[in-house]
Each structure stands twice: as structure tokens, then as C-alpha cells.
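Chemist: The structure follows.
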Protein chains: 4
Amino acid sequence: MRNVILLINCPDKKGIVATVTNFVLSKKGNTVYVEQHVDRELGEFFMRLECEFDDDEEKLTIFKESFTKEVAKNYNMHWEMYNAEKKPRMAIFVSKYDHCLYDILGRHASGELHVKIPIIISNHEDLKPIADSFNIPFKHIPVSKDNGQQAENEHLKLLKDSKIDFIVLARYMQIIPPNFVNQYPNRIINIHHSFLPAFPGAKPYHSAYKRGVKIIGATGHYVTSELDEGPIIEQEIARVSHIHNVQDFILKGRDLEKIVLSKAIKYHIERKVLVYSNKTVIFS
Amino acid sequence: MRNVILLINCPDKKGIVATVTNFVLSKKGNTVYVEQHVDRELGEFFMRLECEFDDDEEKLTIFKESFTKEVAKNYNMHWEMYNAEKKPRMAIFVSKYDHCLYDILGRHASGELHVKIPIIISNHEDLKPIADSFNIPFKHIPVSKDNGQQAENEHLKLLKDSKIDFIVLARYMQIIPPNFVNQYPNRIINIHHSFLPAFPGAKPYHSAYKRGVKIIGATGHYVTSELDEGPIIEQEIARVSHIHNVQDFILKGRDLEKIVLSKAIKYHIERKVLVYSNKTVIFS
Amino acid sequence: MRNVILLINCPDKKGIVATVTNFVLSKKGNTVYVEQHVDRELGEFFMRLECEFDDDEEKLTIFKESFTKEVAKNYNMHWEMYNAEKKPRMAIFVSKYDHCLYDILGRHASGELHVKIPIIISNHEDLKPIADSFNIPFKHIPVSKDNGQQAENEHLKLLKDSKIDFIVLARYMQIIPPNFVNQYPNRIINIHHSFLPAFPGAKPYHSAYKRGVKIIGATGHYVTSELDEGPIIEQEIARVSHIHNVQDFILKGRDLEKIVLSKAIKYHIERKVLVYSNKTVIFS
Amino acid sequence: MRNVILLINCPDKKGIVATVTNFVLSKKGNTVYVEQHVDRELGEFFMRLECEFDDDEEKLTIFKESFTKEVAKNYNMHWEMYNAEKKPRMAIFVSKYDHCLYDILGRHASGELHVKIPIIISNHEDLKPIADSFNIPFKHIPVSKDNGQQAENEHLKLLKDSKIDFIVLARYMQIIPPNFVNQYPNRIINIHHSFLPAFPGAKPYHSAYKRGVKIIGATGHYVTSELDEGPIIEQEIARVSHIHNVQDFILKGRDLEKIVLSKAIKYHIERKVLVYSNKTVIFS
């Protein structure tokens, strides 16, 4: 038996649910779970199906071809199909902050994240010992004003060699160049340490402190070419008061960052995210 | 065009989603929205469909008959069908506390609740002026140790005469007798002022204060014959600390009660609640 | 016995707490409650004292004079003294939205707000019936592009005649002119329907929807001459997801607005707010 | 300069704040921070002072003696004095669950917890590698039905030898015998995986799932001889719905447990907790 996930979006029309679930049935598949959403403003239909098929690679290939011809074309669908059992390959980019890295590797070690981590990449050597203690390859690629293009080339080669499916920026603190972003559309997850769109850019905790907010936050989002403007996957907040200084904001924020980033990673791994119109549909 | 809501549960089996959505399509209906859940532990399947049909009462009657024969029987379904446009009729029971009543009537007045309120019933006269100011009939039925059966009879007659679909206990503070409960199964919504199962019964804020909890809560649930043991629809909490005394708990709790009760009412009105095994599936 | 509240701030220095509490004691007062905060970055000291004195108006006047001469001067204090039992006089400005008004008047009616409400002012007549039902004078002062100065004059006269201590903008939807603001510094409380500084200005729910946030909020703040830039008193948030449209945001936001505004009002009434450097210290 | 923390509680009386802060001043100390609470129901006064003194061990000893004679006795105070710079010594008890241990050691490694960890004790060997990777001594003391007294003796000797100030049960899963508890009153912090008093005892996530709650929680509390009945230090909650099974509850709960336990530890380390009448005053 093979578990397969279908992610579909297309202009909204009558009968899509029936058509798709019926087609799966006709191909001897069983729709285990269906979730659906219609954005009425945009007239767009979204669906996530979990299906079970007999484990026959050839039949699945045939299924794909038939689905494209007999269903997807008629509805002008954008669709993707995933093997639910196959672990996606995730690269982690870090800089000097260790809390998100510790959190991700701890969750991975205890079986919480259904993912492979072939490589950790950093512009500094500081976190190598952590990677070592979890037995994950660590690659130090320095980034400076002068070696931008060279670093990007090294990054992209390394990601390609490691067959990386998606990338997590675990407080990487470097701007990803547009060409890099374009090669991993909706596949680079960043954690920003504010409740966006408040306090984009650098030093958001300092700005939040200065503004005197009573709530701070963290935002997990896909990286686009516009800094901190990509589709938001998850947000979380914590209360603060006058008794907290910037350092307290940073400490409280660390917990938010860990929780939000790990949730965003999970949604991505479980194929629960559909991106449309710079927003996300999360079938959680 | 008529909007119809189908609520279905049955033992989990292959192909239910396809079968049902296909059946709707075959009867010229359009499945606008489908939500689904499988409780794997209990092997039970749950589904909520919003469908559009041509507005033809006769055809809908035929649909119902066909669905029973051709679908529901085969899958051993428990199912219900609602006209989404028809406002259900809700009775409110109150005692002396006014905050939940104010909240419900205020929301109703501003169009937030798609419901009719033919009657407010109380064992005291205190809140009659509020009912009057919102132009809703108010019926005072005193309840004492000695007139239990008589009061129950009056209640049930009044509810029947007013064609009440479901009942909201807005801090009614009286125990509903089993016979009454049995006539409105999963149709009596109570607000309990604690996060159940902590602090069931009387004076939960006092008990919470005594125990020194750091969080208080409120619970909206269906009434069953077991006091405060019915299926939970919604819960919400608020933080407290040593600076708060019982009176502060009560004040903070009032806001929780209002919000939780109004959410529970909305879920019920919108036919988003399925009850099974003393728990709720909320398709929110 | 008379309860008095002292609010003090001054440059931080050794021995302030001892000096002040000692001074109160020397004047036959009893410090019932003291709360204190030091902003180390700004080197500013903040204190709130609740004291009990014998009920002798003359002695209190003497206390004030002595405190100024013997304590406040030495420490370069900014300080205020309030009679805790005297209800402050609050004006409410509304436009067409009724939910915050209902909420405030409901809380007032049930004794939750220790305040007098001599007047409700609006640029529309829509909410007059609500004011009437709570027996509170309602004054309709239309505001247009052309009558700005005249409306402001009427507002200020009305507030003066009603001896108003502070003003609540309960979704008033009009910008308060600088001259008006200056006459009530840190005495005009506004509710803004976003978690500032995200989405200042008009239609924040629409902007939040467009940005695809997963959390919406509301902010209670003092009005300054900079729109939505005043000191934040309280903030609260609610989770949203792709299933919610702008209308859902607005509905969820209404509950946030009510709760945040009523909390901000309470903090102000109970003299728990100290403003400094465009931020608030809330002794809650 | 030496920073000192005073924790005081006594029957409420006039003038305590002035007396204490004045006394500190008279001994050339500077009260940097004072927090105070009065439980009016119990008539009990609580205070936490942070003071600065010249760094002179002898003078502090004299201060203590004078304070006892001249202040504490008159007010019938229970009081403690701590050197704020001295790191308390914390023992961690674990069993097989690793998430809380990882969390505590990670926070400790990054400087978040002002504490020494001389020893980790466990009834199983599973988590020794984690202790090793953080270079903290790990002692395996098996516990069975038959060796209860012997294990207790070993525990107590080890704690004494390591000069342990307080103990953290990081999901230790064993009941601490009364004699052990009595030797560390209000010095053993446990994390219970429910919002107490709901679901005390074993398998709370299973019970919560069975009851169909919409909110789960975790509770950090001091251990007393009554199981899960000790004074609550901190609680936190997470929302769940019908889509979550017991395993999801457990996963979500892990994050709660980590956050609640680390907060409880911090409050304890920073001497912010006063226990009275089986409740806590947290000066946070």
C-alpha cells in the first residue's frame, strides 16, 4: 500500500470534489482524507487529498498521466503529487544563534520531524560542534561583501549535490539573493523575529521595545525576493510589559522563534501548505 | 438556489467521500464545501457538506428519500439535512446574571447570530427589563424544591409552543432534569465557568482561587444527564496571578463566559457540530 | 478613612522608596500597596502608592504641600495624587459602530467600571437609542470637512461643561485635531483595530487579510498628535486562518476591541498607567 | 557591591514597607527594587526586595542579626536572604523522556539559567549520552518496588554530597517519598502534563483525549506529600481539536512542558516565589 498526497488548486467550478475523488476511486485508490478551501474573493479552489494506492510504481505513473489528461486539464489545475512516506531532504542555514538549531535537531532526534537533514550550512564556524554532536555534516561557507556571487555558487552547488528539497533559515541573518530564491520558490522557510508586517528588517526586538508594544511575536514565512514580504506560514506571540527590557524580549522571542519555525517546517514536510497570491492555505 | 447542509457520520469505509459527492452531483446539486474527519481509534467517519440545489422543495424531498435508500443505508449512516437559510429557533434560559444575556442579545441585534429568539425564560424576574429593551418575550417561571415537576412541564410546553430548536443556558444556575434533557439531546448548550473537567459543580471560581491556579477558564458544552459531563464544544482561558482575588476571577471569567458561549452558539447554529462518543467534532 | 493614590516618576536615585514610604508614615498615612519600576535604560524611576489617611481634607492639603517641598523637589519628581474613591468623569465618543459602546455601557451598568459617564458624543445619530436605553445624555455633533473648527469648539465646550476628566474614543472613526489632543494629554483613549504598529490608519482588517497574517489584534492607546503613534496601553490578539475572510476578521476583531478597550479604560480609571517616553508603565 | 534579595512574609500590618526600606537605608543599603502583595483574605503581607550593599561579608552578617532583632521579630516575619550573585545548585531527575532535559541543558548552555547543575540522576541509563554531551555528571540509580528505601538513601546522600539547593523533576515519572519531600520543602519542582487540578496522576493526555477537551495544559508545581496537589508555580495551555489524537496531544504537550518547566525554574532561581497556604506569590 502506498500513501500519496495530492495538492491541487484551480479556478473554482462546480463538481471538482466529486470529480477528483471519483477519479481516484476509478483508479483503485482510496481517498483517506480530503480537505478543501475556496477563496471566494479570488474565485480559487484548493484541495489536499491523502489517498492510498496499491504499491505499484507503474500504476502510479499511469495515474499521473491519466489525471493530467482527464482531470487537471479540464479544470486548469495546478497540482502536485507526493509520496507521503518519502522523507523530504532539508538543508539548514545558520549563523551564530544556536537556539533554533538545537530545537530542530532535538525534535529530529526524537522522531518528531519526518525529514532527512543531509547538510547544515553556515557563514560562521561557531555552531559546528552542535552539528557534530548530532552527526550531521556541517559546511562553513564564509559570506562577505566581496564574495557574494562565489558564496551563492557554492551554496547552490552544495544544495544540488545533496539533493535538497527545501531550505530552512534558522536565524541565518543573511539576505538570500534573488537568483537563489528563484531556484527554490516557496521552498525556503525563514523565521523572522517579529509579528510581521510589524518590524520587518533588522533588530525587530529593539524596535518593538522602543515602540512600547505589549505583545511581541515571531513569523515563519517563505522567502521571496521582497525582504520579509513572503507568504506567512505561521505566527505566534508572547505578552510583554514595562518590566521587560530588550534582553527579556530577545529571550522570550527565542521560545517563540523555536515554536513557530518548527511548526512551519512540519506543515511544509506534511505537504499541508498551498501558496497562492502571496498567502498560504494551511490544511492543518 | 437553495443551500443545504449535510451532516453525516458512519463507520469508516473506502470511498465514502466520492460516493456522497458523486450522489449530490447526480442529483444536480453542487458540493460547495466539504469537510471530513476520521476518528481512527473509533473507526468512525464524519462529514459536513454544504451543497447548492435548485430551489424546488419536491426535488429535495426526493433527494432525501433517494439518499436514504441509495447511500445512507449502505454505509449505515447517521445523517441530518438542514436548510442553511432557515434560522433555527433558540430559547434562552437565564437566572440573575446579566452579562451573557447582554452579550447574546447584543450580538443578535447587530446581525452576528443567524437565529430567531422567540423566548427568554427565567426563574427570576430580574432580567425582564433587558428582554424588554430588546423586544423579546420574557417568561418568568419560578423554580423551587416543591414545584420541580410543574416547572418542567411549563418549560416543555413553552418550548413546544414556541417551536424551539435548541436551548441556551446563559448562566441559568439550575440543574435540568433528565426527562427535559432527553427531549433535547445535544440541543441544550450550557456555559460552565471553569475549564472542565477541573472544578465541576458549584462555585468553580472560588475553588480555582483556593487551589491557586494560574489559569482560569470557561467551557461551553451540551447538557447531558451527568452534570458538567456533556460533550465539550468550546473552551477558553485567561491568566490570573496572586494579585487577583475571587472577585477578579469572577470579573475575568465573565468575559470568558461571553466569548465561549457565543462561539458555541455559532457553531451550533451553523451546523458545524457533530457529537459522537460524548465528544464533539467541530468543523470550524 | 480616605484612600489616596500617588503616581510618581523621577530620575532614579538611591533611597526613593524608603523616603516616600517613610514620609507617608510620618504624616500618619499607611502605605497599603506600593509598586515600583525602574527603566534602567532611561534611568527613570516609577512608583504607584496606595495609602490610607484619616479623612481630613485639610490635612491632605497640608500633606500635598509638604510632599512637594520636602520630597518631590529634592528628587525632581513628576507626581500626581488622586482620591481613590472619587469616580472620574468619562466622555464616550462614538460614530456608527455599536459593539464597543454596548460593551462599555453593559460593564458600567453591572458595576464593573468605577466611573461616571456624563455624556456620549457622536457625529451621527445612529446610536442615540442605545444611550437612551442606558439613560445617558447623547449629544449629536455632526462633523464635516467644512465645520471642523466649529465642531471642535462644541466638543471642547461640552467636555468642559460636563467636567470631563478623560475621553474614550469607542470606534469614533474621526481624527482628533492637535489642539483638542493637547488639552487632554494622555487622557484620550483610542481603540485601534490592529496590533500596532502593524496596519496603522484606515481599514486595518482589510490590510491584514491582504497580507495573509495568521494573527490579528487590537490596540488600546493614548491619542497623540501622531496618528496611531501614541503610548500603547493594552493589546490583544486572535488567531485567524485561510478560512476567514475580511468579514470574519471584522467579527473576531470586534471581540478583541471590546476587551482591549475595556481593559485600557480600567487601567486608566484605577490610576495604574504612567506615561513616559511615549510608552506606558502599567501597574496591573 | 553586593546584590541581596530579601523575601518576607508576615501578618499584614501598618508601615511594613516603610520600616523595611528604612532599615535597609539605615544600614547603608540601597533598595533597588521592591515588590509587595497583600492577601486580604488571609491577612498576610508578602514582600521581595532587591538591595545593594557594600561588599563586606561581616557587615551582612551584622545586618542579618540586626534585622532579626529590630524588624523581623516585631512583625512576626518569616524571612530569607539570598546573595543574588551566587548560583544555586540544581539537581535534575529524569527517567526516559528527553525533551525537558534537552531544553533545560540547552538553556543552561546558552546562559539563560543562572544556576549550577552538579548532577543528573535517573532510574534509567537512557539519557546518559545527553548528560555526557553537556559534560554533566550522570548518576544511574535504579528504582524498583523492592529497593525503595535504598534508592531514597542513595538519592539523599548524593544530593547532600553535591550540596544541592533544589531539585527539578524533568518528567521523572516516579513518586517522591514523603521523607524525601520533607527534606526539600518547596525545593522540588515537578512538571505535570495537564492543567491541574484537571487530570492529576498517570496518563493525563489520554484522559484529556477521552474527555474531548479543547485545551490541554501543563503545570509546574512544588512537590508536596500529596500527589499533584502542591503549590502551582506556572501553567500554560495549547488548543487542540478533534483532528488531534493522543499522540498529537503528547507532541503539543512536550512544548508546553518545556516552556512551563523552564519558567518555573527561572522564577525559583531568581527567588521570585513565595509559598503560603499551598499557593504561590510570583513576583515576576
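The values are calculated or read from the model by the stated rules, or taken from the named source; none is laboratory data. None of these values were measured; they are calculated from a predicted model. Cβ coordinates were reconstructed from backbone atoms using ideal geometry, including for glycine residues, and neighbour counts include every protein chain displayed. SASA here: full protein model, heavy atoms, side chains in, ligands and nucleic acids out. Shrake-Rupley method; radii C 1.70, N 1.55, O 1.52, S 1.80 Å.
Chemist: Return only the number of the condition from (1) within 23 Å of D:Lys266 (Cβ to Cβ); (2) not in a helix (DSSP H, G or I) that D:Asp126 does not satisfy.
Modeler: (1)
Chemist: Assess whether D:Ala198 counts as being in contact with a Gly (Cβ under 9 Å, 6 or more places away or on another chain) and assigned by TED's automatic domain parsing to the domain that holds D:Lys116.
Modeler: Yes; evaluated as a whole, the condition is true for this residue.
To keep it simple, each residue is scored yes or no on (1) more than 10 Å from chain B (Cβ to nearest Cβ); (2) without any contact (Cβ under 8 Å) to a residue 24 or more places away in the chain; (3) buried (at least 20 other Cβ atoms within 10 Å of the Cβ).
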| position | (1), (2), (3) |
| --- | --- |
| D:Leu196 | no, no, yes |
| D:Tyr209 | no, no, yes |
| D:Thr224 | yes, no, yes |
| D:Leu227 | yes, no, no |
| D:Glu234 | no, no, yes |
| D:Ile243 | no, yes, no |
| D:Arg254 | yes, no, yes |
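Chemist: A further question follows. Which residue, of A:Ala202, A:Ala238, is in contact with a helix residue (DSSP H, G or I) (Cβ under 6 Å, 6 or more places away or on another chain), free of Cβ contacts under 8 Å to residues at least 40 places away in the same chain and either surrounded by fewer than 17 Cβ atoms within 10 Å (Cβ to Cβ) or more than 8 Å from chain C (Cβ to nearest Cβ) (or both)?
Modeler: Residue meeting the stated conditions: A:Ala238.
Chemist: Output the residues belonging to region D:156-188 that are open to solvent by less than 10 Å² (accessible area, probe 1.4 Å) and either within 14 Å of chain B (Cβ to nearest Cβ) or among the small types (Gly, Ala, Ser) (or both).
Modeler: Answer for region D:156-188, where residues must be open to solvent by less than 10 Å² (accessible area, probe 1.4 Å) and either within 14 Å of chain B (Cβ to nearest Cβ) or among the small types (Gly, Ala, Ser) (or both): just D:Ala170.
Chemist: Among (1) open to solvent by less than 10 Å² (accessible area, probe 1.4 Å); (2) over 22 Å from D:Ala264 (Cβ atoms); (3) more than 14 Å from every other protein chain (Cβ to nearest Cβ), there is one condition D:Phe93 misses while meeting the rest; what is its number?
Modeler: Status for D:Phe93: all satisfied but (2).
Chemist: While we're on this one: Residues of region C:58-89 being closer than 15 Å to C:Asn3 by Cβ and open to solvent by 100 Å² or more (accessible area, probe 1.4 Å), which ones?
Modeler: Hits for region C:58-89 are C:Lys59, C:Lys86.
Chemist: Any idea which of (1) open to solvent by 50 Å² or more (accessible area, probe 1.4 Å); (2) among the hydroxyl-bearing types (Ser, Thr, Tyr); (3) more than 9 Å from every other protein chain (Cβ to nearest Cβ) is the one A:Ser277 doesn't satisfy?
Modeler: If we test A:Ser277 against (1) open to solvent by 50 Å² or more (accessible area, probe 1.4 Å); (2) among the hydroxyl-bearing types (Ser, Thr, Tyr); (3) more than 9 Å from every other protein chain (Cβ to nearest Cβ), just (3) comes out false.
Chemist: Can you pull out every residue in region A:1-50 that is surrounded by fewer than 17 Cβ atoms within 10 Å (Cβ to Cβ), touching a helix residue (DSSP H, G or I) at 6+ places or on another chain (Cβ under 9 Å) and farther than 26 Å from B:Asp12 by Cβ?
Modeler: Those that are surrounded by fewer than 17 Cβ atoms within 10 Å (Cβ to Cβ), touching a helix residue (DSSP H, G or I) at 6+ places or on another chain (Cβ under 9 Å) and farther than 26 Å from B:Asp12 by Cβ: A:Pro11, A:Lys13, A:Lys14, A:Glu41.
Chemist: I need the full set of residues from region D:1-57 which are among the charged types (D, E, K, R) and facing chain C (nearest Cβ under 8 Å), in order please. I'd like the intermediate steps shown before the answer.
Modeler: Initial filter on region D:1-57 (among the charged types (D, E, K, R)): D:2, D:12-14, D:27-28, D:35, D:39-41, D:44, D:48, D:50, D:52, D:54-57.
If the condition is that a residue be among the charged types (D, E, K, R) and facing chain C (nearest Cβ under 8 Å), then D:Lys14, D:Glu35 are the ones that fit.
Chemist: On to the next question. Which of the following residues is over 30 Å from C:Asn83 (Cβ atoms) and among the polar types (S, T, N, Q): C:Ser284, C:Ser225?
Modeler: On the way: C:Ser284 fails: over 30 Å from C:Asn83 (Cβ atoms).
After ruling out the rest, the residue left standing is C:Ser225.
Chemist: Check region B:168-186 and report whether any residue there is in the same structural domain as B:Lys266 (by TED's automatic domain parsing), among the aromatic types (Phe, Trp, Tyr) and touching an Asp or Glu at 6+ places or on another chain (Cβ under 8 Å).
Modeler: yes
Chemist: Might you check whether a residue that is open to solvent by 70 Å² or more (accessible area, probe 1.4 Å), more than 14 Å from chain B (Cβ to nearest Cβ) and either acidic (Asp, Glu) or assigned to a loop (DSSP other than H, G, I, E, B) (or both) occurs anywhere in region C:107-121?
Modeler: Within region C:107-121, not a single residue is open to solvent by 70 Å² or more (accessible area, probe 1.4 Å), more than 14 Å from chain B (Cβ to nearest Cβ) and either acidic (Asp, Glu) or assigned to a loop (DSSP other than H, G, I, E, B) (or both).
Chemist: Next question, about the same structure. Residues that are open to solvent by less than 10 Å² (accessible area, probe 1.4 Å), within 26 Å of D:Leu105 (Cβ to Cβ) and hydroxyl-bearing (Ser, Thr, Tyr): does region D:214-222 have at least one?
Modeler: Checked against the condition, which is being open to solvent by less than 10 Å² (accessible area, probe 1.4 Å), within 26 Å of D:Leu105 (Cβ to Cβ) and hydroxyl-bearing (Ser, Thr, Tyr), region D:214-222 yields at least one hit.
Chemist: Check off (1) aromatic (Phe, Trp, Tyr); (2) without any contact (Cβ under 8 Å) to a residue 40 or more places away in the chain; (3) in the same structural domain as C:Ile250 (by TED's automatic domain parsing) for C:Tyr97 and give me the number that stays unchecked.
Modeler: The single condition C:Tyr97 does not satisfy is (2).
For every residue, the table says whether it meets (1) touching a Pro at 6+ places or on another chain (Cβ under 7 Å); (2) under 28 Å from B:Val260 (Cβ atoms).
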site	(1), (2)
C:Lys145	no, no
C:Asp165	yes, no
C:Arg171	no, yes
C:Pro178	no, no
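Chemist: Of the residues C:Arg89, C:Arg48, only one is closer than 25 Å to D:Thr31 by Cβ, touching a strand residue (DSSP E or B) at 6+ places or on another chain (Cβ under 9 Å), basic (Lys, Arg) and modelled with pLDDT of 95 or more; which? Reasoning before the result, please.
Modeler: On the way: C:Arg89 fails: closer than 25 Å to D:Thr31 by Cβ.
Result: C:Arg48 is the single residue among C:Arg89, C:Arg48 that is closer than 25 Å to D:Thr31 by Cβ, touching a strand residue (DSSP E or B) at 6+ places or on another chain (Cβ under 9 Å), basic (Lys, Arg) and modelled with pLDDT of 95 or more.
Chemist: For the condition within 14 Å of another protein chain (Cβ to nearest Cβ), surrounded by fewer than 16 Cβ atoms within 10 Å (Cβ to Cβ) and either modelled with pLDDT under 95 or within 19 Å of the chain's Cα centre (by Cα) (or both), what is the one hit in C:Asp98, C:Asp126, C:Asp132, C:Asp103?
Modeler: Numbers: C:Asp98 fails: surrounded by fewer than 16 Cβ atoms within 10 Å (Cβ to Cβ); C:Asp126 fails: either modelled with pLDDT under 95 or within 19 Å of the chain's Cα centre (by Cα) (or both); C:Asp103 fails: surrounded by fewer than 16 Cβ atoms within 10 Å (Cβ to Cβ).
The unique qualifying residue is C:Asp132.
Chemist: Out of everything in region D:205-252 that is among the charged types (D, E, K, R) and in a strand (DSSP E or B), what residue ends up being farthest from B:Ser207 (Cα to Cα)?
Modeler: The qualifying residue farthest from B:Ser207 (Cα to Cα) is D:Arg239.
Chemist: State which residue pairs qualify: first residue more than 21 Å from A:Val17 (Cα to Cα) and inside region B:45-73, second residue open to solvent by 90 Å² or more (accessible area, probe 1.4 Å) in any location, beta carbons under 9 Å apart, and separation of 6 or more residues or different chains.
Modeler: As it stands, the answer is B:Asp55/B:Met1; B:Lys59/B:Lys28, since those pairs meet every condition given.
Chemist: Now for a different question. In region B:143-178, how many are in a helix (DSSP H, G or I) and among the polar types (S, T, N, Q)?
Modeler: Initially, region B:143-178 is screened for residues in a helix (DSSP H, G or I), giving B:148-161, B:178.
With the extra rule that they be among the polar types (S, T, N, Q), the set shrinks to B:149-150, B:153.
Count: 3.
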